[in-house]
Amino acid sequence: MQASAWRRQQQAEWEEKVMKRGSSDEVGLRQGNRRAWLGAAAATIGCAWLRPGRAATPLRFGTTPVFLNEQIGLLDRWQRHLEQRLERPVRFVQRGSYREIVDLLLGDGVEAAWLCGHPLVLHESRLSVVAVPRYQGAPLYRAHLIVPTGDTQTQRVTDLKGRVFAYSDPLSNSGFLVPRAEIVASGANPSSFFRRSFFTFSHRKVVDAVRAGLADGGAVDGYVWDTIAAQQPTSVAGLRVAWRSAPHGFPPVVARRNWLAAEARQLGDVLRAMPDSGKGAAILQRLNIEGFEEPRPRQFESIRSLLRQAERGGA
């Protein structure tokens, strides 16, 4: 078997193994055999982070199911790109909920993470924004209310009173806070508004739940919806977007504030420079974003307002 074919086979077996383990496992570069990877790394003279004076401590980068499971191979490519530019090992740590990633950040289990704006606002005294993705020309996104195409009556979440509803994550802005704030604004109590509601802990799984008839409607990240619709159109067949929220600050890359400021700045610089290289631009295209930019003043103020509104209504 030729070396290139062998590598493809090994990569396919590794991705299958990761998929079977589930999203709560760490996803590291070639982690199917950690000892073999470490041995190969130590033997690779050209590894920049093993040269004298280079930092050997891995940068641990947290992600959640905002990444589609089908993009695990993409994470591997992005990991290699970051390692080359940062000149240090990078390890993606994937978890099944925002709470798990927040706990890792606050407990020094990861240095940085791609996080939602909702937990950022809740913990902004201990987290800082490194960079914000730019999507469709701006660092903004919207929450989407999705329903079956056969439901031609629903125009807002409040039209689903007494029905079954799928949320994505308790710390999701688009998948939880936005619809709850809409219900509070109507004068209703979100805790008793639906006949039943449940969490899927993945925007993709909200789509699947509504499509399968397990829920009459659901709230999803508009960016994730658009990405699924563009890359896997059959997955959204039979569904429609009934309502779109006002724009909010796009889920940012954040770092814990007790991480070295110079290293956080370097990560931000590398992310913002991704469009300048062929490999970086290809990764951005697959991520369905245009690039990363500096955070803007009051960028997440609309999420703070939603949180205050929901808290006033007891949500």
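Values in this text are rule-based calculations from the coordinates and carry no lab data. Predicted model, so just to flag it, every value in this text is computed and none were measured. A quick note on method: Cβ atoms are made from the backbone with ideal geometry, for glycine too, and the neighbour counts reach across all protein chains shown.
I need the calculated FRET efficiency for the pair Thr234 and Phe198, taking r as the beta carbon distance and R₀ as 25 Å, to the nearest 0.05. Efficiency, rounded to the nearest 0.05: 0.55. Across every direction, the projection of the convex hull enclosing the Cα atoms of the stretch 143-245 has a mean area of 5.5 nm². Counting Lys and Arg as +1 and Asp and Glu as -1 over every other residue whose Cβ lies under 9 Å from the Cβ of Cys116, the net charge comes to -2. Other residues with beta-carbon under 13 Å from the beta-carbon of Gly162 carry, at +1 per Lys or Arg and -1 per Asp or Glu, a net charge of +2.
Sort the stretch 178-315 into rounded, prolate or oblate with this rule: let a ≥ b ≥ c be the square roots of the eigenvalues of the Cα gyration tensor; rounded if a/c is under 1.5, and if a/c is not under 1.5, prolate when a/b is larger than b/c, oblate otherwise. In terms of gyration-tensor shape, oblate. Give the percent of DSSP beta bridges with both residues in the stretch 143-245 that are antiparallel, rounded to the nearest 5. For the stretch 143-245, the DSSP antiparallel bridge percentage is about 60. Applying 0.36 nm per residue to the separation of Thr57 and Arg308 and subtracting their alpha-carbon distance, the gain on full extension is 86.4 nm. Label positions at Asp108 and Val241, each projected 7 Å from the Cα along the C-beta direction, are separated by 4.3 nm. Note on Asn189 and Glu301: with the Förster distance fixed at 30 Å, the Cβ-Cβ geometry gives a FRET efficiency of about 0.70. Full extension of the segment from Ala273 to Gln136, taken as 0.36 nm per residue of separation minus the current Cα-Cα distance, would add 47.5 nm.
Quick check: from the Cα gyration tensor, does the stretch 242-315 come out rounded (a/c under 1.5), prolate or oblate? The shape class here is oblate.
The string of couplings for the stretch 97-104 from the Karplus curve (6.51, -1.76, 1.60, θ = phi - 60°) is 8, 5, 4, 5, 5, 4, 4, 5 Hz, one whole number per residue in order, with x for Gly and Pro.
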